[in-house]
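In what follows, a structure is listed as structure tokens, so that the remarks can point back to it.
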Amino acid sequence: MGRMSEESLPDDRHADDRLPDDRHADGSRGEPVEPADALPEYAERVLDVAEGIPPGRVMTYGDVAEWLEEGGPRQVGRVMALYGGAVPWWRVVRADGALLPGHELEALGHYRAEGTPLKQASRAAEGHLPRLDMRRARWDGGEGAEGHT
């Protein structure tokens, strides 16, 4: 699939590469198995939602799970952590509007470039980083969203 980040790409072997006598590269016989680089179906659905979020808007992990009517915030977060590098990951966020730990500056650059509503950080905030203005930035999947998956 075209979404996997370079860190998550498998090696050059493919599970459905067949030897001349119809055996798989691992020596087994039978129907081809799913390619090693195929994403789980749930992950594909999560990434589709992330790709559909308009620039300047965000959805929480819980919003994505609710939209899909499957899983929960932790499952969505896990998918984003494992496979989200090739989609606009900065648009799937924590419900409190805090920037993703370890990726704050990169995410902030995206938010500023896209015009995502932000709240100024208080002087007590660690690093004085702003938060997302969730009231204004949160997207409900409407406004031209392509069908509910």
Taking amide hydrogens as modeled 1.01 Å from N in the peptide plane, which residues meet the under 5 Å criterion relative to V93, leaving out close sequence neighbours?
M59, T60, Y61
Can you give me the distance in nm between label points at E104 and M134, each placed 7 Å from the Cα along the Cα-to-Cβ direction?
1.8 nm
Per-residue HN-Hα couplings for region 45-56, Karplus 6.51 cos²θ - 1.76 cosθ + 1.60 at θ = phi - 60°, whole Hz, x for Gly and Pro?
5, 4, 5, 4, 5, 4, 5, x, 6, x, x, x
Apply the Karplus parameterisation 6.51 cos²θ - 1.76 cosθ + 1.60, with θ equal to phi minus 60°, to every residue of region 132-141 and state each ³J(HN,Hα) to the nearest whole Hz, in sequence, with x for glycine and proline.
5, 7, 4, 4, 9, 8, 5, 10, 9, x
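Computed from the coordinates by the stated procedures, all read-outs in this text should not be read as laboratory data. Model, not experiment: these values are computed from the prediction. When we count neighbours, we look across all protein chains shown, and the Cβ atoms used for this are built from the backbone with ideal geometry, even at glycine.
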